[in-house]
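The values are calculated or read from the model by the stated rules, or taken from the named source; none is laboratory data. If you're wondering where the values come from, they're calculated on a predicted model, not measured in any experiment. As a convention, Cβ positions derive from the backbone with ideal geometry for all residues, glycine included, and neighbour counts pool all protein chains shown.
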Amino acid sequence: MGFPRKHLLPLFLLAIGVILIYSNSFNGSFLFDDQQILDRPNLHITDLSAKSIKGTFYFTPKSKKIYRPLPNLSLGLNYYFGKDNPFGYHVVNITIHILCSLAVYVFLQTLLSISGIKPDFASKYRYEISIIAAFLFAFHPIQTNVATYIIQRMASMAALFYIISVTGYIFFRNQTLSKEKISLFRKYAGLSIAIISGICSFLSKENAAFLPITILLLDYLFFFNLVDEDKRKKLKRVYTISIFLLMAVIAYAGTGRIMGYIHGYGHRDFSLIERLLTEPRIIFFYIYLLFIPNASLLNLNHDILISKGIINPPTTLFAIAGIILLVIIACIARKKYNLLSFVIVWYLVNLVIESTIIPLELIFEHRTYLPGVLVFFLISFGNDAGLH
């Protein structure tokens with residue numbers, strides 16, 4: 001089977017399928033937080049001057065702190081070309097979702113090309129697994145929140161650059177382990193892509209801050225055992241220094257933010273402790289929706305019972321125990337089934353920021369957009385394992 005027929009044709013059909021599925025949303029009106037697009041004058045650019053473009057990087061004209069500049073710039077460009085007509089905004093959102101779906105395919109193809117993948121079965125059927133997972137990601141009903149809710153392009157853009165960054169890093173590490181003679185450009189192209197895309201991801205939404213953790217864990221799970229003892233010692237030093245630097249950054253920049261988060265609970269009807277107790281239940285609720293997309297449970301707003309104590313409701317204790325069990329499984333499986341470990345790590349790490357101490361709303365389906373990538377992979381893997 002030739003490259004166009006094997007890769008380009010199914011991905012073209014994927015794009016067409018997404019357009020058809022969301023075709024009835026192109027003229028949808030501005031909803032909820034979308035209203036900020038109309039209320040923020042700095043997004044209403046009338047020319048493409050450097051001053052106008054820079055102005056979109058802030059939440060308001062008087063703001064001093066940059067706020068998600070890349071999605072804001074895209075919203076400003078939408079306004080420049082289409083004013084308050086929602087059609088153009090939805091076209092961009094759907095386009096980003098398509099690009100994310102294509103990125104998922106390339107990411108999984110690259111991930112499953114690592115020689116240290118366990119079980120080996122996954123590498124053998126990497127094409128089938130990757131294409132099915134990409135289609136699941138593209139068509140799954142839970143993505144409606146991101147694909148049609150205009151302001152949530154912040155989540156999809158962050159996810160797009162995040163996935164590209166991890167893919168670039170894997171490509172770089174594969175090149176460093178290759179026994180073939182490789183040019184410096186090819187060797188470091190992946191690393192450059194990883195760094196640039198990682199920065200773009202963070203400039204799209206702050207939950208990309210855990211990207212370095214994801215990359216460190218990925219390197220440990222898949223590449224650490226592929227090198228000799230001397231290189232392992234060097235890697236251990238790299239891991240140690242990286243963790244120390246990350247902790248230093250958190251200590252320097254995070255203390256004030258954490259206090260701000262604690263004070264932010266003043267306008268919520270739940271406390272920090274109640275949120276921390278409730279979120280494990282929500283994390284498993286997300287898993288349920290990813291595996292079983294019950295239409296009656298897919299909503300923009302969810303009525304969630306707040307956990308008042310560790311056994312109030314009793315499912316709180318089971319959910320907490322479930323999170324602990326997943327972490328234990330990830331640790332135990334890291335040598336024989338490192339792919340399973342990475343699926344668990346990816347899912348949990350990419351929920352940390354929006355599912356722990358920050359006083360956000362308790363639940364939003366768009367938070368599964370990035371964490372769900374490897375859940376769809378797991379579903380696809382299970383399907384292929386059953387067929388073969």
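Quick grid of which residues meet (1) surrounded by 24 or more Cβ atoms within 10 Å (Cβ to Cβ); (2) among the charged types (D, E, K, R):
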| residue | (1), (2) |
| --- | --- |
| Asp84 | no, yes |
| Ile98 | no, no |
| Gln109 | no, no |
| Ser115 | no, no |
| Gln143 | yes, no |
Residue list for the range 27-55, restricted to those being among the acidic types (Asp, Glu) and free of Cβ contacts under 8 Å to residues at least 40 places away in the same chain: Asp39, Asp47
Complete set of residues in the range 175-191 that are over 24 Å from Leu99 (Cα atoms) and in a helix (DSSP H, G or I): Gln175, Thr176, Leu177, Leu184, Phe185, Lys187
Selection within the range 53-76 - farther than 17 Å from Gln152 by Cβ and either touching a strand residue (DSSP E or B) at 6+ places or on another chain (Cβ under 8 Å) or surrounded by fewer than 18 Cβ atoms within 10 Å (Cβ to Cβ) (or both): Ile53, Lys54, Phe57, Tyr58, Thr60, Pro61, Lys62, Ser63, Lys64, Lys65, Ile66
Condition check for Asn42: in contact with a helix residue (DSSP H, G or I) (Cβ under 8 Å, 6 or more places away or on another chain) and either in a helix (DSSP H, G or I) or of a type in the set (Val, Ile, Thr) (or both): yes
Matching residues, the range 45-65, being assigned to a loop (DSSP other than H, G, I, E, B) and among the hydrophobic types (A, V, I, L, M, F, W, C): Ile45, Leu48, Phe57, Phe59
Test for Pro293: is it at pLDDT 95 or above and under 25 Å from Leu374 (Cα atoms): no
Flag if Ile151 is within 14 Å of the chain's Cα centre (by Cα) and either part of a helix (DSSP H, G or I) or closer than 29 Å to Leu31 by Cβ (or both): no
Selected residue (criterion: nearest to the chain's Cα centre (by Cα)) from residues of the range 339-359 that are surrounded by fewer than 23 Cβ atoms within 10 Å (Cβ to Cβ) and outside any helix (DSSP H, G or I): Leu351
Test: residue in the range 265-288 that is assigned to a loop (DSSP other than H, G, I, E, B), out of contact with any Asp or Glu (no Cβ under 8 Å at 6 or more places or on another chain), surrounded by 11 or more Cβ atoms within 10 Å (Cβ to Cβ) and without any contact (Cβ under 8 Å) to a residue 12 or more places away in the chain: yes
Only listed residue being in a helix (DSSP H, G or I), surrounded by 15 or more Cβ atoms within 10 Å (Cβ to Cβ) and out of contact with any strand residue (DSSP E or B) (no Cβ under 7 Å at 6 or more places or on another chain), chosen from Ala319, Ala248: Ala319
The range 67-93: number of residues that are touching a residue at least 24 places away in the same chain (Cβ under 8 Å), within 24 Å of Ile199 (Cβ to Cβ) and either outside any helix (DSSP H, G or I) or in contact with a Cys (Cβ under 7 Å, 6 or more places away or on another chain) (or both): 2
Filter pass, Ala319 being aliphatic (A, V, I, L, M), in contact with a Lys or Arg (Cβ under 7 Å, 6 or more places away or on another chain) and over 25 Å from Ala158 (Cβ atoms): yes
Close pairs from the range 166-193: first touching a residue at least 40 places away in the same chain (Cβ under 8 Å) and closer than 17 Å to Phe342 by Cβ, partner assigned to a helix (DSSP H, G or I) and aromatic (Phe, Trp, Tyr), Cβ under 6 Å, at least 6 apart: Thr167/Phe107
All positions within the range 113-134 that are in a helix (DSSP H, G or I), closer than 26 Å to Leu99 by Cβ and at pLDDT below 90: Ala122, Ser123
Subset of the range 148-170 that is of a type in the set (Phe, Trp, Tyr) and modelled with pLDDT of 95 or more - its residue that is nearest to Leu221 (Cα to Cα): Tyr169
